[in-house]
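The values are calculated or read from the model by the stated rules, or taken from the named source; none is laboratory data. Please read these numbers as outputs of a predicted model, since none were measured by experiment. All Cβ positions, glycine included, derive from the backbone under ideal geometry; neighbour counts span all protein chains shown. All accessible areas refer to the heavy atoms of the entire protein, side chains included, with ligands and DNA or RNA removed. Shrake-Rupley method; radii C 1.70, N 1.55, O 1.52, S 1.80 Å.
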Amino acid sequence: MRKQIAAANWKMNLTLQQGEQLLEDIISLPHQLNENQEAVFAVPAPYLMMAQQKLRGKEYLSVAAQNCYSKKSGAYTGEISVDMLSSIGVYYVVLGHSERREYFNESNSFLADKINICLLNNITPIFCCGEPLEIREAGTQNEYVAKQLQESLYHLNADQLLKIVIAYEPIWAIGTGKTASSAQAQEMHAAIRKQLESKYGKETAECISILYGGSVKGSNAAEIFVQPDVDGGLVGGASLVAEEFVAIMNALKK
Ligand code: PGA
């Protein structure tokens, strides 16, 4: 079975002390992850080392960065390189979140460059895609997401693609309390897998974990995650509350 992942995206929230407390609370609550499951914590950059230390030696719990830059090193004030991440033992990074696309103008081709440098340095990108409301209303979400995949991922070969996690996040469901129904999530995840299949073949497409994101909570996670093409979630708001996030971790498919 594909790896099942509950990814927490703290975004630009919490102080260091609050972040430490949240991780401690999560660690202390009973959770039942197995070797095919993982909880990944995308924390703000200044807290990456703290999170690494807190989660060191904890089975199936990992740390992710929320972003990185496409260049190896140099005069790019304020940016984070993949070497910096590897040097502190961080091997996941969220890329192409809709907030980065919208507020920081990250384009599909810029994201392709970021994907490349991550893969060259053994960092797993959690690549976000998903349509805005007007596209959903026009019924062209499949084409919209297909273009995101095409322009950011399709230059990769199958071996490289296998190192990527995809997160489908319909923008109209992010932070709005409006979740896609489990049927809508399944429909799009199946469509994404079909698109990957047409480019890379069934065997490869079947191995890619596709997470759902957008108002996932403890109370709705199980019905979304049980869908055959949904392999977990990328969680914003509910990842800031220990009990909620642990409930989401425990809702991953076994
Ligand atoms: P949300 O955010 O869970 O608060 O809707 C999800 C995300 O942006 O990754």
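General remarks:
- All of (1) under 25 Å from MET12 (Cα atoms); (2) away from the ligand (no atom under 11 Å from the Cβ); (3) in contact with a strand residue (DSSP E or B) (Cβ under 7 Å, 6 or more places away or on another chain); (4) part of a helix (DSSP H, G or I) hold for PHE245 with one exception: (2).
- Residues in the range 222-238 that are more than 19 Å from HIS97 (Cβ to Cβ) and either of a type in the set (S, T, N, Q) or near the ligand (Cβ under 6 Å from one of its atoms) (or both): GLN227 alone.
- Of the residues making up the range 139-171, those that are assigned to a helix (DSSP H, G or I), open to solvent by 30 Å² or more (accessible area, probe 1.4 Å) and over 14 Å from VAL235 (Cα atoms) number 9.
- Any helices (runs of 4 or more DSSP H) falling wholly within the range 180-241 and containing at least 3 residues that are over 17 Å from the mean Cα position of the chain (by Cα): 182-200, 202-205
- Pairs with Cβ under 7 Å, 6+ apart, first in the range 179-204 and more than 13 Å from ASN142 (Cβ to Cβ), second in a helix (DSSP H, G or I) and open to solvent by 50 Å² or more (accessible area, probe 1.4 Å): SER182/GLU223
- Single residue of the range 185-221 satisfying the filter (over 17 Å from LEU153 (Cα atoms), surrounded by fewer than 18 Cβ atoms within 10 Å (Cβ to Cβ) and small (Gly, Ala, Ser)) that is farthest from the ligand (Cβ to nearest atom): ALA190
Here is a yes/no grid of residues against (1) open to solvent by less than 50 Å² (accessible area, probe 1.4 Å); (2) within 16 Å of the ligand (Cβ to nearest atom); (3) assigned to a strand (DSSP E or B):
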residue	(1), (2), (3)
ALA8	yes, yes, yes
ASN13	no, yes, no
GLN18	no, no, no
ASP25	no, no, no
HIS31	no, no, no
VAL40	yes, yes, yes
TYR47	yes, no, no
GLN53	no, no, no
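- Residue under evaluation ILE174, criteria (1) buried (at least 20 other Cβ atoms within 10 Å of the Cβ); (2) at pLDDT 95 or above, criterion not met: (2)
- Matching residues in the range 112-159 - criterion: being among the aliphatic types (A, V, I, L, M) and more than 21 Å from GLY214 (Cα to Cα): ALA112, ILE115, ILE117, LEU119, LEU120, ILE123, LEU153, LEU156, ALA158
- Considering the conditions (1) more than 16 Å from the ligand (Cβ to nearest atom); (2) among the hydroxyl-bearing types (Ser, Thr, Tyr); (3) in contact with a Phe, Trp or Tyr (Cβ under 9 Å, 6 or more places away or on another chain), TYR168 is excluded by exactly one of them, (1).
- Residue count, the range 55-69 (criterion: in a loop (DSSP other than H, G, I, E, B) and open to solvent by 20 Å² or more (accessible area, probe 1.4 Å)): 8
- Pairing each residue of the range 92-103 that is among the small types (Gly, Ala, Ser) with any residue that is at pLDDT 95 or above and assigned to a helix (DSSP H, G or I), provided the two are 6+ apart or on different chains, yields C-beta distances under 6 Å for GLY96/LEU111.
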